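Student: I am attaching a structure below and will ask some questions about it afterwards.
The values are calculated or read from the model by the stated rules, or taken from the named source; none is laboratory data. Predicted model, so just to flag it, every value in this text is computed and none were measured. Neighbour counts run over all protein chains shown; Cβ positions are idealised from the backbone, glycine included. These area figures cover heavy atoms from the full protein model, side chains too; ligands, DNA and RNA do not enter into them. Shrake-Rupley method; radii C 1.70, N 1.55, O 1.52, S 1.80 Å.
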Amino acid sequence: MQKQLFITGIGTEIGKTVCSAILTKYFKADYWKPIQSGDLHFSDSMKIKEWVGESVIIHPERYRLKLAASPHQSALEEGILINSNDFKLPETQNNLIVEGAGGLMVPISDEEFIIDLIEKLNLPVALVVRNYLGCINHSLLSLMALEQKNIKLEYLILNGGFPEDTERVICKNIQEETKIIRIPDIENITKENIEHITKQLEKI
């Protein structure tokens, strides 16, 4: 059966793209970033190509926006209005990793958010969590939002080290069927290090 996952996070700059690279490698999947806001010179799709390898299939972004900001702001700067109906999953026979922009409540327009795009695409989620002051609050709010939308949380990804008390509270609030993936800190992100960590993952 095809594995299709939407990678989202509890905030920005918490390692979604690194985690996406590892899961793309692990599942031998295609990769798709529906919206790229800013960093067009070294986009997330380019990072995946560099970190996973030339053989990975990268599907083109639906929107490539110049401004490094929330998608709704970046789009308006270019006179574009994004709608969740603009998006359709790429056609592929392979597994597919889809990476969102920021967290669940990042707006793609004044009326719609990343969580609405996930709902539209009808994909299960892998939620990336990283330790920082406030991560428990952001994690639990993200879990509540997914539950309210009846979106399946297939994986909780603990990216980096966590204090025992922090990890315990977050993990106590996921469903029993949700699997936990632990990814260590990567000081130097390279193709070789991504491959090494992928090989170390327990069966998921």
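Student: Please go through the range 85-101 and give me each residue that is small (Gly, Ala, Ser) and either assigned to a loop (DSSP other than H, G, I, E, B) or open to solvent by 10 Å² or more (accessible area, probe 1.4 Å) (or both), ordered by number.
Tutor: Scanning the range 85-101 gives a single hit, ALA101.
Student: Taking into account only those residues within the range 64-84 that are hydrophobic (A, V, I, L, M, F, W, C) and touching a helix residue (DSSP H, G or I) at 6+ places or on another chain (Cβ under 9 Å), which is most open to solvent (accessible area, probe 1.4 Å)?
Tutor: Just the residues of the range 64-84 that are hydrophobic (A, V, I, L, M, F, W, C), to begin with: 65, 67-69, 75-76, 80-82.
Next, from what is left, pick out any that are touching a helix residue (DSSP H, G or I) at 6+ places or on another chain (Cβ under 9 Å): 65, 67-69, 80-82.
Numbers: LEU65: 0, LEU67: 64, ALA68: 76, ALA69: 31, ILE80: 47, LEU81: 129, ILE82: 5 Å².
Top of the filtered list is LEU81.
Student: Which numbered condition in (1) surrounded by fewer than 21 Cβ atoms within 10 Å (Cβ to Cβ); (2) touching a residue at least 12 places away in the same chain (Cβ under 8 Å); (3) over 22 Å from HIS196 (Cα atoms); (4) over 16 Å from the mean Cα position of the chain (by Cα) is the only one that GLU61 fails?
Tutor: (4)
Student: Could you list all residues from the range 22-46 that are β-branched (Val, Ile, Thr) and either closer than 13 Å to TYR63 by Cβ or open to solvent by 10 Å² or more (accessible area, probe 1.4 Å) (or both)?
Tutor: ILE35
Student: Tell me, yes or no, whether the range 118-134 has at least one residue that is over 26 Å from LEU67 (Cα atoms), of a type in the set (A, V, I, L, M, F, W, C), in contact (Cβ under 8 Å) with a residue 12 or more places away in the chain and in contact with a Pro (Cβ under 8 Å, 6 or more places away or on another chain).
Tutor: no
Student: From GLY53, GLY11, grab the single residue that is of a type in the set (Gly, Ala, Ser), modelled with pLDDT under 95 and in contact with a Gly (Cβ under 9 Å, 6 or more places away or on another chain).
Tutor: Exactly one residue qualifies, and that residue is GLY11.
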